[in-house]
Amino acid sequence: MSASHDVVVVGAGPVGMLLGCLLAQQGADVAVLERSLAPSASSRAVGIHPPGFAALAAAGIGDDIEHAALRIHEGVALCRGRRIGTLSFADPVRMLPQDRTEALLERRLSRVASRALRRGIEVRGLQTTAAGVELETSEGSVAARLLVGADGTRSFVRERAGIRWERRDPDVRFVMADADDSGEHRGRALLHLEPDGVVESFPLPGGRRRWVVRTDAHRADGAARVRAWSRAAFAAVVEERVGAVLDTATMSEPSPFAARQQLAATFARGRVALAGDAAHEVSPIGGQGMNLGWLDARALADRLLSGSSGGDAWGAYACARRAAAEGAMRRARFNMAMGAPREDAALTARNAAIRALALPPFRKVLAGTFTMRGL
């Protein structure tokens, strides 16, 4: 393991590996350090929005993504079985499970810099020096001109850099599972805005469909704990709310999660920068978190490859990307408000607002919002 690099990235998730690819293919000396010995295969993000796809294409895997992903050109909002709005996407949202996207990124990184990714290395200490940053790891000391923390919401880099983590909104609870797709709505994302809370579904490659259910009405109390869900219980809630009958034999294990909004007080301090979930945790409803991190990575790579580092350059990165994260949070807050449980007059008013937003001149703006334009 080389003792010194231009850039060390901590975290080999989709953001850290994209940054590694963007830097390495332009000749930068980069190391990507990851504590885990193997990638995670858990069910996580799936949506690749147009700006995120452009970042992946810049890293050389655009054709691979196009070949593997399923394209969504239309989203439909419904309530009690009736359509209340439709959005068409000229540039589609591409659906590909995160583990498959990460595999493509890892393969690309190994091609452009075969020794850049170092698995099984834990970062245990961080110290700023006159020349950059020095890390203490499970395999010895590593120095870097710039350190990037892409190590998730519990970021060790962020904590050791003394950057505050700010909570923005209360948690909202959801549960998700994948099942075989009936084919009735193939190629369409469905947003069921029901009185008991939203039910989202969207197609996946391989004839599958992901279902995401808001579960406020199914919590036993106000405690911030997550209830365990059986396949039968999940299927029963989906059928009760939207009438869809899911095959529990083909269903994945339901996975409860909390939609949170958190933000780092700054995205850069000295020779340390943050990207992805280490910098911002954005509600996954709307699929913005991973894509927002890819845009962080591309902005960081542009700064580095242009010769900018430290001082005002990182201040500009921090300001621009923090503003983008704030914008994504506002959009996510709107999405979650639209999907909250509502009854009677409030339900009618919400549906009327969605009908209006799905018509010109607002339709194009709303489609751009859902596909992450402007972030």
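Computed values, structure above
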| read-out | value |
| --- | --- |
| Among the candidates Leu70, Leu33, Leu87, residue that is within 20 Å of Pro205 (Cβ to Cβ) and of a type outside the set (Phe, Trp, Tyr) | Leu70 |
| So Leu87, is it over 27 Å from Arg160 (Cβ atoms), over 22 Å from the mean Cα position of the chain (by Cα), outside the structural domain of Thr348 (by TED's automatic domain parsing) and assigned to a strand (DSSP E or B) | no |
| Top-ranked residue of segment 355-375 - restricted to ones that are crowded, with 18+ Cβ neighbours inside 10 Å and of a type in the set (Val, Ile, Thr), ranked as farthest from the chain's Cα centre (by Cα) | Thr369 |
| Search result, residues across segment 242-295 that are assigned to a strand (DSSP E or B) and under 30 Å from Arg231 (Cα atoms) | Ser255, Pro256, Phe257, Ala258, Ala259, Arg260, Gln261, Glu281 |
| Condition broken by Val15, with the remaining ones in (1) of a type in the set (Val, Ile, Thr); (2) farther than 18 Å from Leu295 by Cβ; (3) part of a helix (DSSP H, G or I) satisfied | (2) |
| Residues being farther than 16 Å from Arg82 by Cα and at pLDDT 90 or above - total across segment 345-363 | 2 |
| Unique residue being surrounded by fewer than 16 Cβ atoms within 10 Å (Cβ to Cβ) and closer than 26 Å to Leu366 by Cβ when the list is Gly120, Gly81, Gly85 | Gly81 |
| Within segment 91-102, tally of residues that are assigned to a strand (DSSP E or B) and touching a strand residue (DSSP E or B) at 6+ places or on another chain (Cβ under 8 Å) | 4 |
| Qualifying residue in segment 297-305 (condition: in contact (Cβ under 8 Å) with a residue 40 or more places away in the chain, closer than 18 Å to Gly20 by Cα and touching a strand residue (DSSP E or B) at 6+ places or on another chain (Cβ under 7 Å)) | yes |
| Evaluation of His185 against (1) more than 15 Å from Met338 (Cα to Cα); (2) without any contact (Cβ under 8 Å) to a residue 40 or more places away in the chain (one fails), failing number | (2) |
| Total residues in segment 41-63, condition within 14 Å of Pro97 (Cβ to Cβ), buried (at least 17 other Cβ atoms within 10 Å of the Cβ) and either assigned by TED's automatic domain parsing to the domain that holds Asp344 or of a type outside the set (A, V, I, L, M) (or both) | 3 |
| Any hit, segment 322-337, residues being surrounded by 14 or more Cβ atoms within 10 Å (Cβ to Cβ), charged (D, E, K, R) and farther than 24 Å from Asp277 by Cβ | no |
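The values are calculated or read from the model by the stated rules, or taken from the named source; none is laboratory data. Because the structure is predicted, anything quoted here is derived from the model rather than measured. Every residue, glycine as well, gets a Cβ built from its backbone with ideal geometry; the counts of neighbours run over all protein chains shown.
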